[in-house]
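The values are calculated or read from the model by the stated rules, or taken from the named source; none is laboratory data. Just so it is clear, the model here is predicted, and its values are computed rather than measured. For neighbour counting, all protein chains shown are included, and Cβ atoms are generated from backbone atoms with ideal geometry for every residue, glycine included. These accessible areas exclude ligands, DNA and RNA; they are computed on the full protein's heavy atoms, side chains included. Shrake-Rupley method; radii C 1.70, N 1.55, O 1.52, S 1.80 Å.
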2 protein chains.
Amino acid sequence: MLNSIDIKNIFQNINLGEKVSINGWVRTFRSNRFINLNDGSCMEDLQCVIDFEKFDKKILSEINTGSSLNIIGEVVESQGRGQSVEIVVNEIRVLGLSNPDQYPIQPKKHSFEFLRENAHLRIRTKTISSVMRIRSELSYAIHKFFNENNFYYVHTPIITGSDAEGAGEMFKVSTLDLNNVPKNENEEIDFSKDFFGKETNLTVSGQLEAESYALGLGKVYTFGPTFRAENSNTSRHLAEFWMIEPEMAFYELEDNINLAEKFIKSIIQNIYKKCKKEIMFLSERLFKEEQNLPKNERNEMSLDKRINFVINNDFIRITYNEAFEILKNSTPNKKNKFKYPISEWGIDFQSEHERFLVEKHFKSPVVVYNYPSKIKAFYMRLNDDNKTVRAMDILFPGIGEIVGGSQREERLDVLKKRIAHLNIDEKELWWYLDLRKYGSVKHSGFGLGLERLILFITGMGNIRDVIPFPRTPKNAEF
Amino acid sequence: MLNSIDIKNIFQNINLGEKVSINGWVRTFRSNRFINLNDGSCMEDLQCVIDFEKFDKKILSEINTGSSLNIIGEVVESQGRGQSVEIVVNEIRVLGLSNPDQYPIQPKKHSFEFLRENAHLRIRTKTISSVMRIRSELSYAIHKFFNENNFYYVHTPIITGSDAEGAGEMFKVSTLDLNNVPKNENEEIDFSKDFFGKETNLTVSGQLEAESYALGLGKVYTFGPTFRAENSNTSRHLAEFWMIEPEMAFYELEDNINLAEKFIKSIIQNIYKKCKKEIMFLSERLFKEEQNLPKNERNEMSLDKRINFVINNDFIRITYNEAFEILKNSTPNKKNKFKYPISEWGIDFQSEHERFLVEKHFKSPVVVYNYPSKIKAFYMRLNDDNKTVRAMDILFPGIGEIVGGSQREERLDVLKKRIAHLNIDEKELWWYLDLRKYGSVKHSGFGLGLERLILFITGMGNIRDVIPFPRTPKNAEF
């Protein structure tokens, strides 16, 4: 029996005249003659040409969009445009039927809303499969970058007993019987009866644990799921998303920014090479979609060009103070066009401000650093001005914040003051403080949201379309 | 200013006579003269030799186990045994103190129990850091293997609304107020008020979702955290652990077993090359530990030899029927030495039976396949005998089951019967059944527990010591 091979192999190792066996799903079947077959191994369909007079009518009737076939035939030079080779079919075996009246994924344009309701089948579309191939290759590029730069991969815990991070609302994890929650004498929930003997949640960040590992292994990173129980029904928020968090001993803020910029450029460049076909397809898709928009809402640059811009240009670096002055003196601020006017030093920037800086003022990715301490987390290193901390955010066109990071406070006394000021119980952080007691060193790190980066690379408009099975308020289907 | 470099670089790119700056933590400080410094970049400490007469007494008093230093000095050929180069120290800067009376990680042997209580600091020990380096390199080897073999990496959801898998007890995920759980008119919990509008749990496996992606992308794999809320306080169980689940369209059971064997050998071989030093260190550690055991409880082969045995020998493949006959006719069964005697066909094998097959009878990894359908999951493909399913388990010496997999039932009618028989609600699995309605194809997959494989490679005795921050009953510290 002839062993079946991947369609990708047929495109890559052309042996004209060779007899091959392939499996796949029918994308289209035209004129009783041209079957476009896809097996997932690459973006392109393989055209399989049949002489319908040689085949049984029953078999022909079973070749519908979505049905699965085994085809044996000969590789020949393609007669049509756009493909190098095609198959002249000798034998067809129908593996699985697909009723054309019922199959949801028809060979036509579907709305992304409809596809989300069929998240188990949408991977069979060209757009979603291109996005998910990019997601896969991007994940690999991330591991490759860190491995080649001597970082160790650390699996920080998903279930956490700590709630001191304050990065957002958390999901509770429990095995208590919700019909009959056990209470103690004081009528408080008796968590000693819960699985872990205490209250536990899903992690919002692996940073604190990653710090403990950086102070032993030097350079580490996490890459795992994180969670926010926030009722944000937007195109940029997920309740469950994947985050990458590198953490480096002996790194100061500037080293941290340098690494983040090098990292982002390197992985995007890697993807641009590996997934060129997918990116060109998605770039064209976006271009067509934007034709329906008024001209001023279209992107100035095509997706392809935006990606190259990021790879080839230095990110702009400005302090919070500089950003504040630019925004304060900006035309939209003076003309009262911002929903949140810029007046008092110390306010947090809103999405509208970030977009102005990135998309209007600099037209480039922008790193803003040295933020006011009041609007940033307790673990960020205080500057000598006692007002700002060594935080940095990287802002991307069309996406907003894609990276948030900082140099961490390594001085035990300063950290303790900060914790006390915020009324966090020191006992909750005993082990985190230990890291400052025994051989404390300067260290830094950042977090990158995987889905936001995929949004940038794919030009997709909704974060729910760049993760296989999105989790959002009122939605945990599949 | 001299830029600091990683200690790993000093060992790899020796430039005798070069002046270097290094950072790290003191492992030991002997005779006021020899500082063993480690920065996490590699397993080996770098010996730094000081002339104590040239340094301030205060500085010398601050050089203790655990304190962090910046050292500037010259690379010279080592005078001592066991290392190629050392540093003649010119300058020392103490970065962070470590009180020798308080620092938990003293330069002596600590029990693993003690180290678990200090999981934030145990990464600074040679044993745990060796294990975690292997964990990191192994994870990378896994991604590399799949990427090079044209698999796509899929992030299946962690929070799941489905409870149809039956792989084990699940953790509930909720944002309901446990002090005041909302009820509906029928006094049932009103999950419509919960974050996702329904009951949700932490996933026990990404398999079902991975199947949906395999039927679009061809070959996929997951690599992520999975959860079991089982009250198993053993050295082989974790409530939170990492699993790798490849899923391949068009694969039958034999292809599946072939892939699993090739995969395991390939990644272990990769690790054996990349982490040779760590493995030799851990092999010696285990050898010493086993000297305290009676001779019949020691391993016949050293860790190093066991690893090579797996790389270089074919796994034994037997059916459940064959395994059953071997066990039934075995000496321990005849002499009533098994806790669970082997008599009736159809029973599930216990750990004692698996160990007999692997460690006594075959002295090799063993693949057992074609299990009775009654003891296996609903999604496994029924054989023509109507009694067995195309399941396979891979059993490893000292570990037991390390891989569980199967060919999946691709026939809609057979699958529906199986589901009905088990009283699972078809509606729960509507999307999973859809995969059999539209272009169904043969497909297969397996799951590999990352921590069990690390146990095998490192020779560690307790699964809590091969994951950074273990989650077990009554324990979610850090």
**Asked** Averaged per residue, what accessible surface does chain A expose to a 1.4 Å probe, in Å²?
**Response** 42 Å²
**Asked** What ranking do A:202-210, A:81-89, B:118-126 get when scored by the average of other Cβ atoms within 10 Å per residue, highest first?
**Response** A:202-210, B:118-126, A:81-89
**Prompt:** Does a label point 7 Å from the Cα of A:GLU284, set along Cα-to-beta-carbon, have any residues of the stretch A:30-54 with amide nitrogen under 15 Å, and which are they?
**Reply:** A:43-46
**Complete:** Averaging 1/r across every pair of distinct alpha carbons in the stretch A:283-346 and inverting yields a Kirkwood hydrodynamic radius, in angstrom, of 14.8 Å
**Asked** What percent of all Cα-Cα pairs in the stretch B:55-102 falls in each 10 Å bin, counting up from 0?
**Response** 24, 42, 32, 3
**Item:** Efficiency of FRET from Cβ geometry, A:PHE362 and B:ARG30, R₀ 41 Å, rounded to 0.05
**Value:** 0.15
**Message:** Suppose each label sits 7 Å from its Cα in the direction of the beta carbon; what would the B:ASN15-A:SER78 distance come out to in nanometres?
**Reply:** 5.2 nm
**Prompt:** In nm, to one decimal, how far is the A:ASP348 label point from the B:PHE52 one, both placed 7 Å along Cα→Cβ?
**Reply:** 5.4 nm
**Prompt:** Which residues, if any, in the stretch B:429-450 have at least 40 Å² less accessible area in the whole protein complex than in the isolated chain, probe 1.4 Å?
**Reply:** B:TRP430, B:TRP431, B:TYR438, B:GLY439
**Asked** What is the distance in Å between the Cα centres of the stretch B:379-456 and the stretch A:217-287?
**Response** 34 Å
**Fill in**
With +1 on the Cβ of every Lys and Arg and -1 on the Cβ of every Asp and Glu, the dipole magnitude of the protein assembly as shown about its Cα centre, in debye rounded to the nearest 20, is 1320 debye
**Message:** Checking an interface number: how much accessible area is buried between A and B, summed over both chains, with a 1.4 Å probe, in Å² rounded to 100?
**Reply:** 9400 Å²
**Item:** Per-selection Kirkwood Rh - the protein assembly as shown (Cα, Å, 1 d.p.)
**Value:** 30.5 Å
**Message:** Using a label point 7 Å beyond Cα on the Cα-Cβ vector, give me the inter-copy distances for A:GLN106 in nanometres, one decimal, shortest first.
**Reply:** 7.7
**Request:** State to the nearest 20 debye the size of the charge dipole of the stretch B:273-416 about its Cα centre, where the only charges are +1 on K and R beta carbons and -1 on D and E beta carbons.
**Result:** 320 debye
**Request:** Among B:GLN47, A:PHE287, B:PHE287, pick out the residue whose Cα is farthest towards the positive end of the charge dipole of the protein assembly as shown, where Lys and Arg carry +1 and Asp and Glu carry -1 on C-beta, about the Cα centre.
**Result:** B:GLN47
**Asked** Which residues of the stretch A:230-264 bury at least 50 Å² of accessible area once all protein chains are present, versus their chain alone (1.4 Å probe)?
**Response** A:GLU240, A:TRP242, A:PHE250
**Asked** Want the number for A:ASN186 to A:ASN299: 0.36 nm per residue separation, take away the alpha-carbon distance, what's left?
**Response** 34.7 nm
**Prompt:** Can you give the translational diffusion coefficient of the stretch A:110-226 in µm²/s, computed by Stokes-Einstein from the Kirkwood radius over Cα pairs at 20 °C and 1.002 mPa s?
**Reply:** 119 µm²/s
**Fill in**
A chain fully extended from A:LYS273 to A:ASN90 at 0.36 nm per residue, minus the present Cα-Cα distance, gains in nm 62.3 nm
**Complete:** With a ≥ b ≥ c from the Cα gyration tensor eigenvalues, square-rooted, and the rule rounded for a/c under 1.5, otherwise prolate when a/b > b/c and oblate otherwise, the stretch A:7-103 is prolate
**Prompt:** Per the 1.4 Å probe, what fraction of the accessible area of the stretch A:342-411, in percent, lies on carbon and sulfur atoms?
**Reply:** 44 percent
**Complete:** Site B:LYS262, offset 7 angstrom along Cα→Cβ, radius 15 Å on amide nitrogen, limited to the stretch B:427-468, gives B:444-446
**Among A:ILE105, A:HIS143, B:ILE123 the positive-end extreme of the charge dipole of the protein assembly as shown (Cβ point charges)** = A:HIS143
**Message:** If I model a spin label as a point 7 Å beyond the Cα along the Cα-Cβ vector, how far apart are those points for A:THR234 and B:HIS110 in nm?
**Reply:** 4.3 nm
**Prompt:** Once every DSSP H run of n ≥ 4 in chain B is given -39500 (n - 2.57) and the sum is divided by its residues, what mean residue ellipticity at 222 nm do you get, rounded to the nearest 500 deg cm²/dmol?
**Reply:** -9000 deg cm²/dmol
**Fill in**
Dividing the mean separation of Cα pairs under 8 Å (6+ apart) by the residue count of chain B yields a relative contact order in percent of 13 percent
**Complete:** Cα-based Rg then Dmax for chain B, in Å, read 26.8, 86
**Complete:** The relative contact order of the stretch A:7-103, taking Cα pairs under 8 Å that sit 6 or more residues apart, comes to a percentage of 30 percent
**Request:** Excluding residues fewer than 8 places away in the same chain, name every one of the lysines whose C-alpha is closer than 24 Å to that of A:LYS57.
**Result:** B:LYS437
